[in-house]
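Down below is the structure, laid out as C-alpha coordinates.
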Amino acid sequence: MLTATAVFALLGLIAAAPAAGQAPGHYYNVDKEVRIEAKVREIVFEPRYKGTAPFLVLRVENSGDGRVFDVEIAPSWFFGRDIHGGEKVAIVGSLAEMPGQTPTIIARELRLRGETYQLRDKHGFPNWQGGPRGKRGIRRLGRT
Amino acid sequence: MMFKEMRRIIPLLMIGAALPAWGGTVYLAFNQHSTQNLFQTKDAVSDQISAFSLAFDQDVSALSLMGKVEYSAFRQTSGLSVFAADLGLDYLVPAGRKSAFYFAAGGSGQFYRQTYDAFSSLGANLLGAFKTYLASSSILKIQWQGTYAVFKDPLFDFMGHTASLSIDKYFPSRTTLKADAEYGYKYFLHPFLPEPVEQPIVTGLAGPGQMGMGGGGQGGGGGGGGWGGQRYAGGYGFIPRYVSGGGGAGIGHVSTSFLAAQGLGDTVGLSASAVKQWIVQGENPFQSIEEFYFVQNPSADSFSWEGYQINGRLTLSLPWDVSVKGGYTYSDRSFPGVESIGLDGLPLGLVRQDRRNLFEARLQKDFRRLSVFVSYSYVDNTSTDPLFQWKSHYVMGGFEWNLPAGRKGGF
(Lines give C-alpha, C1' and ligand atoms only; values in the text may rest on other atoms or scores of the structure.)
Protein backbone atom coordinates (compact mmCIF):
# COMPACT_ATOMS: atom_id res chain seq x y z
CA MET A 1 0.00 0.00 0.00
CA LEU A 2 2.80 2.31 0.97
CA THR A 3 4.58 1.44 -2.26
CA ALA A 4 1.47 2.23 -4.33
CA THR A 5 1.03 5.53 -2.51
CA ALA A 6 4.65 6.43 -3.15
CA VAL A 7 4.31 5.56 -6.83
CA PHE A 8 1.16 7.68 -7.24
CA ALA A 9 2.78 10.54 -5.37
CA LEU A 10 5.81 10.33 -7.64
CA LEU A 11 3.62 10.20 -10.75
CA GLY A 12 1.72 13.21 -9.46
CA LEU A 13 4.93 15.13 -8.94
CA ILE A 14 6.15 14.23 -12.41
CA ALA A 15 2.85 15.33 -13.95
CA ALA A 16 2.94 18.58 -12.03
CA ALA A 17 6.57 19.39 -12.81
CA PRO A 18 6.95 21.91 -15.61
CA ALA A 19 8.79 20.75 -18.67
CA ALA A 20 12.47 21.64 -18.64
CA GLY A 21 12.08 23.46 -15.37
CA GLN A 22 9.83 26.21 -16.70
CA ALA A 23 6.30 27.20 -15.86
CA PRO A 24 3.56 25.69 -18.03
CA GLY A 25 2.75 27.98 -20.93
CA HIS A 26 6.00 29.86 -20.48
CA TYR A 27 7.38 29.62 -23.97
CA TYR A 28 7.49 31.88 -27.00
CA ASN A 29 3.99 31.76 -28.45
CA VAL A 30 3.85 33.75 -31.68
CA ASP A 31 0.07 33.96 -31.38
CA LYS A 32 0.43 36.00 -28.19
CA GLU A 33 2.80 38.67 -29.46
CA VAL A 34 2.31 42.15 -28.03
CA ARG A 35 4.05 45.49 -28.49
CA ILE A 36 4.37 47.93 -25.61
CA GLU A 37 6.13 51.18 -24.88
CA ALA A 38 7.17 51.38 -21.27
CA LYS A 39 9.44 52.86 -18.66
CA VAL A 40 11.95 50.65 -16.83
CA ARG A 41 11.22 50.54 -13.09
CA GLU A 42 13.61 47.85 -11.90
CA ILE A 43 16.36 45.66 -13.28
CA VAL A 44 16.98 42.21 -11.85
CA PHE A 45 19.10 39.22 -12.74
CA GLU A 46 17.38 35.96 -11.89
CA PRO A 47 17.08 32.32 -12.93
CA ARG A 48 14.27 31.69 -15.36
CA TYR A 49 14.89 28.32 -16.96
CA LYS A 50 16.54 25.19 -15.74
CA GLY A 51 19.91 24.62 -17.32
CA THR A 52 20.46 28.19 -18.47
CA ALA A 53 22.21 31.21 -17.09
CA PRO A 54 20.09 33.68 -15.12
CA PHE A 55 18.25 36.24 -17.25
CA LEU A 56 18.28 39.99 -17.27
CA VAL A 57 14.68 40.86 -16.43
CA LEU A 58 13.23 44.35 -16.72
CA ARG A 59 10.26 45.26 -14.59
CA VAL A 60 8.51 47.88 -16.73
CA GLU A 61 5.44 50.07 -16.53
CA ASN A 62 3.36 50.37 -19.69
CA SER A 63 3.16 54.01 -20.78
CA GLY A 64 -0.47 53.60 -21.86
CA ASP A 65 -2.30 52.05 -18.92
CA GLY A 66 0.37 51.82 -16.22
CA ARG A 67 0.24 48.02 -16.23
CA VAL A 68 3.41 46.34 -14.92
CA PHE A 69 5.21 43.57 -16.82
CA ASP A 70 8.34 41.50 -16.30
CA VAL A 71 10.30 41.47 -19.55
CA GLU A 72 12.78 38.66 -20.15
CA ILE A 73 15.69 40.01 -22.17
CA ALA A 74 18.63 37.57 -22.37
CA PRO A 75 21.15 35.88 -20.11
CA SER A 76 24.20 37.64 -21.51
CA TRP A 77 22.76 41.13 -21.48
CA PHE A 78 23.41 41.72 -17.81
CA PHE A 79 27.04 42.46 -18.69
CA GLY A 80 26.64 43.27 -22.34
CA ARG A 81 24.47 46.41 -22.02
CA ASP A 82 23.83 48.97 -19.33
CA ILE A 83 20.12 49.57 -18.89
CA HIS A 84 18.97 51.96 -16.18
CA GLY A 85 15.79 52.46 -14.23
CA GLY A 86 13.79 55.34 -15.74
CA GLU A 87 14.79 54.64 -19.36
CA LYS A 88 12.08 54.31 -21.98
CA VAL A 89 11.91 51.12 -24.00
CA ALA A 90 9.71 49.66 -26.71
CA ILE A 91 9.26 45.91 -26.63
CA VAL A 92 7.84 43.32 -28.99
CA GLY A 93 7.42 39.91 -27.44
CA SER A 94 5.23 37.04 -26.42
CA LEU A 95 2.94 37.60 -23.45
CA ALA A 96 2.69 34.83 -20.86
CA GLU A 97 0.14 35.34 -18.11
CA MET A 98 -0.17 33.14 -15.05
CA PRO A 99 -2.86 33.68 -12.40
CA GLY A 100 -1.48 35.52 -9.40
CA GLN A 101 1.81 36.42 -11.07
CA THR A 102 3.14 39.50 -12.78
CA PRO A 103 2.55 39.01 -16.53
CA THR A 104 5.76 38.23 -18.39
CA ILE A 105 6.81 39.27 -21.86
CA ILE A 106 9.48 37.13 -23.52
CA ALA A 107 11.15 39.86 -25.56
CA ARG A 108 11.83 39.33 -29.24
CA GLU A 109 12.73 42.91 -30.10
CA LEU A 110 13.91 45.72 -27.83
CA ARG A 111 14.23 49.36 -28.79
CA LEU A 112 16.48 51.30 -26.44
CA ARG A 113 18.10 54.72 -26.87
CA GLY A 114 17.10 54.80 -30.51
CA GLU A 115 18.63 51.41 -31.31
CA THR A 116 16.67 48.27 -32.10
CA TYR A 117 17.97 44.92 -30.87
CA GLN A 118 16.68 41.65 -32.30
CA LEU A 119 16.81 39.26 -29.35
CA ARG A 120 14.95 36.43 -31.07
CA ASP A 121 13.75 35.71 -34.55
CA LYS A 122 10.05 35.83 -35.41
CA HIS A 123 9.63 32.20 -34.33
CA GLY A 124 11.18 32.83 -30.92
CA PHE A 125 14.61 31.35 -31.49
CA PRO A 126 17.26 33.11 -29.33
CA ASN A 127 19.55 35.46 -31.11
CA TRP A 128 21.68 37.02 -28.44
CA GLN A 129 25.42 37.39 -28.20
CA GLY A 130 27.91 36.84 -25.43
CA GLY A 131 29.02 39.09 -22.62
CA PRO A 132 31.54 41.90 -22.46
CA ARG A 133 34.15 39.97 -24.39
CA GLY A 134 32.35 41.18 -27.47
CA LYS A 135 33.96 40.87 -30.83
CA ARG A 136 37.65 40.70 -31.41
CA GLY A 137 38.76 44.29 -31.54
CA ILE A 138 40.59 45.15 -34.69
CA ARG A 139 42.42 48.38 -34.07
CA ARG A 140 41.64 50.99 -36.64
CA LEU A 141 42.67 54.59 -36.96
CA GLY A 142 44.70 54.51 -33.78
CA ARG A 143 41.73 54.82 -31.47
CA THR A 144 43.02 52.34 -28.91
CA MET B 1 52.86 28.71 -44.67
CA MET B 2 49.29 29.93 -44.59
CA PHE B 3 47.93 26.56 -45.65
CA LYS B 4 50.02 24.86 -42.99
CA GLU B 5 48.55 27.15 -40.34
CA MET B 6 45.05 26.69 -41.69
CA ARG B 7 45.34 22.94 -41.27
CA ARG B 8 45.77 23.58 -37.56
CA ILE B 9 42.66 25.72 -37.49
CA ILE B 10 40.38 23.33 -39.39
CA PRO B 11 39.40 21.42 -36.22
CA LEU B 12 38.26 24.73 -34.71
CA LEU B 13 36.21 25.45 -37.79
CA MET B 14 34.58 22.04 -37.56
CA ILE B 15 33.74 22.62 -33.91
CA GLY B 16 32.33 26.00 -34.82
CA ALA B 17 30.24 24.48 -37.56
CA ALA B 18 28.93 21.72 -35.32
CA LEU B 19 28.05 23.71 -32.20
CA PRO B 20 25.18 25.71 -33.64
CA ALA B 21 23.33 22.49 -34.23
CA TRP B 22 23.10 22.26 -30.43
CA GLY B 23 21.44 25.59 -30.05
CA GLY B 24 23.98 28.33 -30.62
CA THR B 25 24.18 31.22 -33.01
CA VAL B 26 26.44 31.71 -36.00
CA TYR B 27 27.51 35.12 -37.24
CA LEU B 28 28.81 35.70 -40.70
CA ALA B 29 30.31 39.03 -41.67
CA PHE B 30 32.02 40.59 -44.64
CA ASN B 31 33.66 44.01 -44.68
CA GLN B 32 35.29 45.73 -47.60
CA HIS B 33 37.74 48.51 -46.77
CA SER B 34 39.41 51.07 -48.95
CA THR B 35 42.22 53.20 -47.58
CA GLN B 36 44.44 55.82 -49.10
CA ASN B 37 47.08 55.34 -46.43
CA LEU B 38 47.62 51.81 -45.20
CA PHE B 39 50.80 52.56 -43.25
CA GLN B 40 49.62 55.96 -42.00
CA THR B 41 52.73 57.91 -42.94
CA LYS B 42 53.35 60.89 -45.19
CA ASP B 43 54.08 58.53 -48.10
CA ALA B 44 50.56 57.25 -48.60
CA VAL B 45 50.09 53.70 -49.86
CA SER B 46 46.57 52.83 -51.00
CA ASP B 47 45.02 49.45 -50.47
CA GLN B 48 41.76 47.55 -50.38
CA ILE B 49 41.00 45.00 -47.71
CA SER B 50 38.36 42.27 -47.78
CA ALA B 51 37.62 40.81 -44.36
CA PHE B 52 35.52 37.69 -43.87
CA SER B 53 34.60 36.34 -40.45
CA LEU B 54 32.62 33.46 -39.04
CA ALA B 55 31.74 33.41 -35.34
CA PHE B 56 29.66 31.23 -33.11
CA ASP B 57 28.27 31.59 -29.65
CA GLN B 58 26.94 28.67 -27.64
CA ASP B 59 25.37 28.83 -24.17
CA VAL B 60 25.51 25.82 -21.90
CA SER B 61 23.87 26.78 -18.64
CA ALA B 62 25.85 29.69 -17.17
CA LEU B 63 28.80 28.83 -19.41
CA SER B 64 29.21 30.25 -22.90
CA LEU B 65 31.57 29.04 -25.57
CA MET B 66 32.61 31.45 -28.28
CA GLY B 67 34.76 31.14 -31.34
CA LYS B 68 35.70 33.18 -34.34
CA VAL B 69 37.76 32.67 -37.45
CA GLU B 70 38.60 35.55 -39.74
CA TYR B 71 40.55 36.08 -42.90
CA SER B 72 41.55 39.54 -44.10
CA ALA B 73 42.95 39.81 -47.59
CA PHE B 74 45.01 42.87 -48.56
CA ARG B 75 44.88 43.48 -52.29
CA GLN B 76 48.12 45.42 -52.80
CA THR B 77 50.18 44.58 -49.72
CA SER B 78 49.38 40.89 -49.73
CA GLY B 79 51.99 40.21 -47.05
CA LEU B 80 49.65 41.76 -44.50
CA SER B 81 46.87 39.28 -45.30
CA VAL B 82 46.07 37.55 -42.05
CA PHE B 83 44.18 34.53 -40.82
CA ALA B 84 43.00 34.82 -37.21
CA ALA B 85 41.22 32.50 -34.82
CA ASP B 86 39.80 33.07 -31.34
CA LEU B 87 38.32 30.58 -28.95
CA GLY B 88 37.00 31.42 -25.51
CA LEU B 89 34.59 30.54 -22.79
CA ASP B 90 32.96 32.61 -20.14
CA TYR B 91 31.02 32.02 -16.98
CA LEU B 92 28.42 34.16 -15.30
CA VAL B 93 27.99 33.92 -11.53
CA PRO B 94 25.03 35.76 -9.99
CA ALA B 95 25.62 37.53 -6.70
CA GLY B 96 22.11 38.38 -5.65
CA ARG B 97 19.46 39.85 -7.95
CA LYS B 98 21.34 43.06 -8.70
CA SER B 99 24.92 41.88 -9.11
CA ALA B 100 26.99 39.34 -10.96
CA PHE B 101 30.54 38.21 -11.53
CA TYR B 102 31.78 37.43 -15.00
CA PHE B 103 34.84 35.32 -15.79
CA ALA B 104 36.29 34.63 -19.20
CA ALA B 105 39.30 32.83 -20.62
CA GLY B 106 40.41 32.63 -24.19
CA GLY B 107 43.13 31.95 -26.65
CA SER B 108 43.86 33.53 -30.00
CA GLY B 109 46.19 33.20 -32.93
CA GLN B 110 47.06 35.46 -35.83
CA PHE B 111 48.97 34.16 -38.81
CA TYR B 112 50.39 36.58 -41.35
CA ARG B 113 51.89 35.75 -44.67
CA GLN B 114 55.65 35.55 -44.88
CA THR B 115 56.40 39.24 -45.44
CA TYR B 116 54.81 40.24 -42.14
CA ASP B 117 55.29 36.95 -40.35
CA ALA B 118 56.94 38.85 -37.47
CA PHE B 119 53.42 39.90 -36.40
CA SER B 120 52.16 36.30 -36.24
CA SER B 121 51.27 35.52 -32.66
CA LEU B 122 49.61 33.22 -30.18
CA GLY B 123 48.00 34.68 -27.10
CA ALA B 124 45.95 33.90 -24.03
CA ASN B 125 43.82 36.16 -21.92
CA LEU B 126 41.84 36.08 -18.69
CA LEU B 127 39.10 38.45 -17.64
CA GLY B 128 37.22 38.94 -14.40
CA ALA B 129 34.47 41.50 -13.90
CA PHE B 130 31.89 42.49 -11.33
CA LYS B 131 28.79 44.54 -12.05
CA THR B 132 26.22 45.78 -9.60
CA TYR B 133 23.29 48.17 -9.58
CA LEU B 134 23.93 50.64 -6.76
CA ALA B 135 20.42 51.90 -7.51
CA SER B 136 18.17 51.17 -10.46
CA SER B 137 19.67 54.19 -12.24
CA SER B 138 23.32 53.73 -11.26
CA ILE B 139 25.78 50.99 -12.21
CA LEU B 140 29.22 50.17 -10.78
CA LYS B 141 31.60 47.99 -12.76
CA ILE B 142 35.04 46.65 -11.84
CA GLN B 143 37.11 44.70 -14.34
CA TRP B 144 40.54 43.11 -14.61
CA GLN B 145 42.06 41.66 -17.75
CA GLY B 146 45.38 39.92 -18.23
CA THR B 147 47.03 39.06 -21.54
CA TYR B 148 50.08 37.06 -22.58
CA ALA B 149 51.26 36.87 -26.18
CA VAL B 150 54.22 35.43 -28.02
CA PHE B 151 55.16 36.56 -31.52
CA LYS B 152 57.15 35.17 -34.38
CA ASP B 153 59.52 38.09 -33.78
CA PRO B 154 60.22 37.64 -30.06
CA LEU B 155 60.96 41.36 -29.63
CA PHE B 156 57.18 41.84 -29.38
CA ASP B 157 56.51 39.16 -26.72
CA PHE B 158 54.65 40.68 -23.82
CA MET B 159 52.43 40.19 -20.84
CA GLY B 160 50.12 42.87 -19.60
CA HIS B 161 47.07 43.64 -17.56
CA THR B 162 44.52 46.39 -17.01
CA ALA B 163 42.23 47.07 -14.09
CA SER B 164 39.33 49.47 -14.43
CA LEU B 165 36.47 50.87 -12.45
CA SER B 166 33.45 52.72 -13.80
CA ILE B 167 30.36 54.26 -12.32
CA ASP B 168 27.41 55.83 -14.09
CA LYS B 169 24.15 57.56 -13.31
CA TYR B 170 21.03 57.98 -15.44
CA PHE B 171 18.79 60.98 -14.82
CA PRO B 172 15.08 61.40 -15.67
CA SER B 173 16.08 64.16 -18.09
CA ARG B 174 17.50 61.29 -20.20
CA THR B 175 21.02 62.34 -19.33
CA THR B 176 23.68 59.75 -18.54
CA LEU B 177 26.92 60.64 -16.79
CA LYS B 178 29.73 58.14 -16.59
CA ALA B 179 33.23 58.20 -15.09
CA ASP B 180 35.99 55.63 -15.62
CA ALA B 181 39.42 55.07 -14.12
CA GLU B 182 41.99 52.59 -15.41
CA TYR B 183 45.43 51.32 -14.57
CA GLY B 184 47.34 49.32 -17.15
CA TYR B 185 50.81 47.80 -17.35
CA LYS B 186 52.48 46.10 -20.29
CA TYR B 187 55.79 44.30 -19.94
CA PHE B 188 57.78 43.45 -23.07
CA LEU B 189 59.78 40.36 -22.19
CA HIS B 190 62.81 41.01 -24.41
CA PRO B 191 62.32 44.03 -26.66
CA PHE B 192 66.01 44.92 -27.16
CA LEU B 193 68.59 43.79 -29.65
CA PRO B 194 72.05 42.90 -28.33
CA GLU B 195 74.75 45.51 -28.91
CA PRO B 196 76.36 44.80 -32.29
CA VAL B 197 80.10 44.35 -32.48
CA GLU B 198 80.26 47.29 -34.88
CA GLN B 199 78.06 50.21 -33.97
CA PRO B 200 75.57 51.34 -36.58
CA ILE B 201 76.43 54.42 -38.58
CA VAL B 202 73.77 56.46 -36.80
CA THR B 203 73.99 55.72 -33.10
CA GLY B 204 70.83 54.25 -31.69
CA LEU B 205 69.15 53.50 -34.99
CA ALA B 206 68.71 50.14 -36.59
CA GLY B 207 71.49 49.31 -38.98
CA PRO B 208 71.00 48.06 -42.49
CA GLY B 209 71.44 44.51 -41.30
CA GLN B 210 68.37 44.79 -39.10
CA MET B 211 66.01 46.46 -41.50
CA GLY B 212 64.15 43.29 -42.19
CA MET B 213 63.39 42.96 -38.51
CA GLY B 214 62.44 46.42 -37.60
CA GLY B 215 62.24 49.91 -38.79
CA GLY B 216 61.52 49.67 -42.44
CA GLY B 217 60.20 53.15 -41.83
CA GLN B 218 63.21 55.34 -41.56
CA GLY B 219 66.10 53.72 -39.77
CA GLY B 220 69.39 52.62 -41.17
CA GLY B 221 70.43 55.76 -42.87
CA GLY B 222 68.56 54.97 -46.02
CA GLY B 223 69.29 51.27 -46.17
CA GLY B 224 66.87 48.39 -46.51
CA GLY B 225 63.21 48.91 -47.20
CA GLY B 226 63.00 52.42 -45.79
CA TRP B 227 62.28 55.48 -47.76
CA GLY B 228 65.66 57.21 -48.26
CA GLY B 229 64.63 58.46 -51.68
CA GLN B 230 62.33 55.54 -52.31
CA ARG B 231 58.62 55.38 -51.86
CA TYR B 232 57.73 54.17 -48.38
CA ALA B 233 56.35 50.66 -48.56
CA GLY B 234 55.95 49.88 -44.88
CA GLY B 235 58.33 48.21 -42.49
CA TYR B 236 57.43 46.33 -39.34
CA GLY B 237 56.28 49.48 -37.69
CA PHE B 238 59.08 49.95 -35.19
CA ILE B 239 62.79 50.54 -34.70
CA PRO B 240 64.33 48.51 -31.87
CA ARG B 241 66.99 49.70 -29.44
CA TYR B 242 70.36 48.08 -28.84
CA VAL B 243 70.94 47.32 -25.17
CA SER B 244 73.78 45.23 -23.87
CA GLY B 245 72.44 42.56 -21.57
CA GLY B 246 68.93 42.77 -23.01
CA GLY B 247 66.25 42.28 -20.39
CA GLY B 248 62.65 43.32 -20.33
CA ALA B 249 60.93 46.70 -20.25
CA GLY B 250 57.58 47.75 -18.89
CA ILE B 251 55.28 50.70 -19.44
CA GLY B 252 52.38 51.56 -17.17
CA HIS B 253 49.61 54.12 -17.33
CA VAL B 254 46.67 55.48 -15.43
CA SER B 255 43.77 57.08 -17.23
CA THR B 256 40.50 58.69 -16.38
CA SER B 257 37.56 59.41 -18.64
CA PHE B 258 34.21 61.13 -18.43
CA LEU B 259 31.18 60.78 -20.66
CA ALA B 260 27.94 62.73 -20.85
CA ALA B 261 25.14 61.48 -23.09
CA GLN B 262 21.79 63.08 -23.80
CA GLY B 263 18.76 61.67 -25.56
CA LEU B 264 16.56 64.13 -27.50
CA GLY B 265 13.17 62.72 -28.41
CA ASP B 266 13.16 59.23 -29.83
CA THR B 267 15.54 59.87 -32.69
CA VAL B 268 18.52 61.93 -31.57
CA GLY B 269 21.35 60.98 -29.24
CA LEU B 270 24.26 63.21 -28.35
CA SER B 271 27.36 62.38 -26.38
CA ALA B 272 30.62 64.02 -25.41
CA SER B 273 33.56 62.32 -23.77
CA ALA B 274 37.10 63.09 -22.68
CA VAL B 275 40.02 60.83 -21.79
CA LYS B 276 43.24 61.82 -20.03
CA GLN B 277 46.10 59.34 -19.75
CA TRP B 278 49.43 59.51 -17.94
CA ILE B 279 52.42 57.19 -18.25
CA VAL B 280 53.40 56.44 -14.66
CA GLN B 281 55.96 53.67 -15.11
CA GLY B 282 58.71 53.18 -17.68
CA GLU B 283 58.50 54.18 -21.33
CA ASN B 284 58.20 52.65 -24.79
CA PRO B 285 61.13 50.30 -25.36
CA PHE B 286 61.19 50.94 -29.10
CA GLN B 287 62.84 53.95 -30.68
CA SER B 288 60.15 54.51 -33.30
CA ILE B 289 56.67 53.03 -33.63
CA GLU B 290 54.00 53.13 -36.32
CA GLU B 291 50.30 52.43 -36.61
CA PHE B 292 48.95 50.51 -39.56
CA TYR B 293 45.35 50.74 -40.66
CA PHE B 294 43.37 47.62 -39.67
CA VAL B 295 46.48 45.80 -38.40
CA GLN B 296 47.17 45.16 -34.73
CA ASN B 297 50.69 46.45 -34.32
CA PRO B 298 52.07 45.29 -30.96
CA SER B 299 54.50 48.21 -30.65
CA ALA B 300 51.77 50.87 -30.88
CA ASP B 301 48.64 50.42 -28.79
CA SER B 302 46.74 51.88 -25.85
CA PHE B 303 49.79 51.39 -23.60
CA SER B 304 52.15 53.46 -25.73
CA TRP B 305 50.89 57.03 -25.23
CA GLU B 306 50.02 59.72 -22.77
CA GLY B 307 47.94 62.80 -23.40
CA TYR B 308 44.26 63.40 -23.92
CA GLN B 309 41.40 62.83 -26.33
CA ILE B 310 38.02 64.48 -26.68
CA ASN B 311 35.10 63.15 -28.67
CA GLY B 312 31.65 64.29 -29.76
CA ARG B 313 29.09 61.97 -31.29
CA LEU B 314 25.64 62.29 -32.85
CA THR B 315 23.27 59.39 -33.45
CA LEU B 316 20.10 59.61 -35.51
CA SER B 317 17.59 56.79 -35.48
CA LEU B 318 15.50 57.09 -38.61
CA PRO B 319 12.42 55.16 -39.75
CA TRP B 320 12.77 51.72 -41.29
CA ASP B 321 15.57 50.77 -38.89
CA VAL B 322 18.03 53.12 -40.50
CA SER B 323 20.60 54.79 -38.27
CA VAL B 324 23.14 57.49 -38.94
CA LYS B 325 26.14 58.13 -36.71
CA GLY B 326 28.64 60.93 -36.92
CA GLY B 327 31.56 61.79 -34.74
CA TYR B 328 34.59 63.97 -34.28
CA THR B 329 37.65 63.10 -32.18
CA TYR B 330 40.64 65.26 -31.37
CA SER B 331 43.64 63.69 -29.70
CA ASP B 332 46.95 65.03 -28.47
CA ARG B 333 49.31 62.20 -27.65
CA SER B 334 53.00 61.88 -26.89
CA PHE B 335 54.90 58.62 -26.87
CA PRO B 336 57.49 58.54 -24.06
CA GLY B 337 60.71 56.86 -25.16
CA VAL B 338 59.93 57.32 -28.86
CA GLU B 339 62.12 59.85 -30.66
CA SER B 340 61.14 62.17 -33.46
CA ILE B 341 63.39 61.44 -36.41
CA GLY B 342 64.05 63.77 -39.31
CA LEU B 343 63.61 62.80 -42.92
CA ASP B 344 67.39 62.48 -43.10
CA GLY B 345 67.21 59.69 -40.52
CA LEU B 346 68.77 61.72 -37.70
CA PRO B 347 67.10 62.09 -34.29
CA LEU B 348 65.55 65.51 -33.71
CA GLY B 349 65.91 65.40 -29.93
CA LEU B 350 62.15 65.51 -29.35
CA VAL B 351 59.79 62.97 -27.90
CA ARG B 352 57.28 62.16 -30.63
CA GLN B 353 53.96 63.97 -30.24
CA ASP B 354 50.95 63.56 -32.54
CA ARG B 355 47.84 65.72 -32.82
CA ARG B 356 44.99 64.16 -34.73
CA ASN B 357 41.60 65.20 -36.09
CA LEU B 358 39.31 62.31 -36.89
CA PHE B 359 35.91 62.67 -38.58
CA GLU B 360 33.63 59.66 -38.90
CA ALA B 361 30.20 58.95 -40.39
CA ARG B 362 28.26 55.71 -40.65
CA LEU B 363 24.95 54.76 -42.26
CA GLN B 364 23.37 51.46 -41.27
CA LYS B 365 20.22 49.61 -42.19
CA ASP B 366 19.09 46.71 -40.03
CA PHE B 367 16.97 43.89 -41.31
CA ARG B 368 15.71 41.05 -39.17
CA ARG B 369 18.87 38.98 -39.49
CA LEU B 370 21.06 41.16 -41.60
CA SER B 371 22.75 44.52 -41.06
CA VAL B 372 24.35 46.43 -43.90
CA PHE B 373 26.41 49.57 -43.54
CA VAL B 374 28.71 52.05 -45.19
CA SER B 375 31.11 54.28 -43.30
CA TYR B 376 33.56 57.02 -44.05
CA SER B 377 36.46 58.41 -42.03
CA TYR B 378 38.93 61.19 -42.52
CA VAL B 379 42.11 61.63 -40.50
CA ASP B 380 44.42 64.63 -40.38
CA ASN B 381 47.52 63.80 -38.33
CA THR B 382 50.30 66.22 -37.46
CA SER B 383 53.43 65.08 -35.65
CA THR B 384 56.80 66.24 -34.42
CA ASP B 385 58.15 63.37 -36.53
CA PRO B 386 57.81 64.44 -40.18
CA LEU B 387 57.18 60.87 -41.37
CA PHE B 388 53.88 60.97 -39.50
CA GLN B 389 52.46 64.11 -41.05
CA TRP B 390 49.60 62.57 -42.99
CA LYS B 391 45.99 62.82 -44.07
CA SER B 392 43.80 60.08 -45.37
CA HIS B 393 40.29 59.08 -46.38
CA TYR B 394 38.84 55.69 -45.49
CA VAL B 395 35.70 54.07 -46.87
CA MET B 396 34.22 50.85 -45.59
CA GLY B 397 31.09 48.86 -46.36
CA GLY B 398 29.83 45.49 -45.30
CA PHE B 399 27.20 43.29 -43.77
CA GLU B 400 26.70 41.05 -40.78
CA TRP B 401 24.35 38.14 -40.97
CA ASN B 402 23.33 36.06 -37.97
CA LEU B 403 21.96 32.57 -38.21
CA PRO B 404 20.28 31.53 -35.00
CA ALA B 405 19.78 27.81 -34.62
CA GLY B 406 18.57 27.59 -31.07
CA ARG B 407 15.81 25.75 -29.32
CA LYS B 408 12.35 27.21 -29.66
CA GLY B 409 10.32 28.36 -26.74
CA GLY B 410 11.00 30.02 -23.45
CA PHE B 411 14.68 29.71 -24.05
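For this structure, a couple of remarks:
- Residue in the stretch A:28-38 that is part of a loop (DSSP other than H, G, I, E, B) and of a type in the set (Ser, Thr, Tyr) present: yes
- Pairs with Cβ under 9 Å, 6+ apart, first in the stretch B:26-43 and on the phi > 0 side of the Ramachandran plot, second part of a strand (DSSP E or B): B:GLN40/B:PHE292; B:GLN40/B:VAL379; B:GLN40/B:ASN381; B:GLN40/B:TRP390; B:GLN40/B:SER392
- Complete set of residues in the stretch A:52-87 that are away from every other protein chain (no Cβ under 11 Å) and surrounded by 20 or more Cβ atoms within 10 Å (Cβ to Cβ): A:VAL60, A:PHE69, A:ASP70, A:VAL71, A:ILE73
Okay, residues lined up against (1) over 19 Å from B:GLN145 (Cα atoms); (2) aromatic (Phe, Trp, Tyr); (3) open to solvent by 30 Å² or more (accessible area, probe 1.4 Å):
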{"residue": "B:PHE101", "(1), (2), (3)": "no, yes, yes"}
{"residue": "B:SER108", "(1), (2), (3)": "no, no, yes"}
{"residue": "B:PHE111", "(1), (2), (3)": "yes, yes, no"}
{"residue": "B:TYR116", "(1), (2), (3)": "yes, yes, no"}
{"residue": "B:GLY128", "(1), (2), (3)": "no, no, no"}
{"residue": "B:THR132", "(1), (2), (3)": "no, no, no"}
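- The criterion of at least 1 residues that are without any contact (Cβ under 8 Å) to a residue 12 or more places away in the chain is met by the following strands (runs of 3 or more DSSP E) wholly inside the stretch B:316-411: B:347-366.
- Every listed requirement among (1) open to solvent by 20 Å² or more (accessible area, probe 1.4 Å); (2) under 18 Å from the mean Cα position of the chain (by Cα) is met by B:HIS33 save one, (1).
- Breaking point among (1) within 27 Å of B:PRO386 (Cβ to Cβ); (2) in a strand (DSSP E or B), for B:GLY263: (1)
- The set of residues in the stretch B:117-144 that are under 22 Å from B:VAL295 (Cα atoms) and more than 10 Å from every other protein chain (Cβ to nearest Cβ) comprises B:ASP117, B:ALA118, B:PHE119, B:SER120, B:SER121, B:LEU122, B:GLY123, B:ALA124.
- Failed condition for B:LEU270, given (1) more than 13 Å from chain A (Cβ to nearest Cβ); (2) more than 19 Å from the chain's Cα centre (by Cα); (3) modelled with pLDDT of 90 or more: (1)
- Residue selected from the stretch B:63-92 under the condition within 23 Å of B:TYR116 (Cα to Cα) and among the polar types (S, T, N, Q), by the criterion most open to solvent (accessible area, probe 1.4 Å): B:GLN76
- Condition check for A:VAL34: open to solvent by less than 30 Å² (accessible area, probe 1.4 Å), more than 9 Å from every other protein chain (Cβ to nearest Cβ) and at pLDDT 90 or above: no
- Looking only at the stretch B:37-53, and only at residues there that are within 12 Å of chain A (Cβ to nearest Cβ) and in a strand (DSSP E or B), the one that is surrounded by the most Cβ atoms within 10 Å (Cβ to Cβ): B:ILE49
- In the stretch B:90-110, the residues that are touching a residue at least 60 places away in the same chain (Cβ under 8 Å) reach residues that are assigned to a loop (DSSP other than H, G, I, E, B) with C-beta atoms within less than 9 angstrom, at least six apart or across chains, in these pairs: B:GLY109/B:SER120; B:GLN110/B:SER120; B:GLN110/B:GLN296.
- Sole exception among (1) in a loop (DSSP other than H, G, I, E, B); (2) away from chain A (no Cβ under 13 Å); (3) charged (D, E, K, R) for B:LYS276, by number: (1)
- Some residue of the stretch B:12-27 being more than 14 Å from chain A (Cβ to nearest Cβ), modelled with pLDDT of 85 or more, more than 25 Å from B:PHE151 (Cβ to Cβ) and outside any strand (DSSP E or B): no
- Just one of the listed residues (B:SER392, B:SER334, B:SER371) is open to solvent by 20 Å² or more (accessible area, probe 1.4 Å) and under 19 Å from the mean Cα position of the chain (by Cα), namely B:SER334.
- Test for B:ASP344: is it at pLDDT 95 or above, farther than 30 Å from A:ILE106 by Cβ and of a type in the set (Asp, Glu): no
- Qualifying position, being touching a Pro at 6+ places or on another chain (Cβ under 8 Å), within 30 Å of B:GLN110 (Cα to Cα) and modelled with pLDDT under 85, among B:GLY246, B:GLY226, B:GLY221: B:GLY246
The values are calculated or read from the model by the stated rules, or taken from the named source; none is laboratory data. Note that the structure is a prediction, hence the values are computed from the model and not measured. A quick note on method: Cβ atoms are made from the backbone with ideal geometry, for glycine too, and the neighbour counts reach across all protein chains shown. For the accessible areas, the whole protein counts, side chains as well, though only heavy atoms, and no ligand, DNA or RNA atoms are used. Shrake-Rupley method; radii C 1.70, N 1.55, O 1.52, S 1.80 Å.
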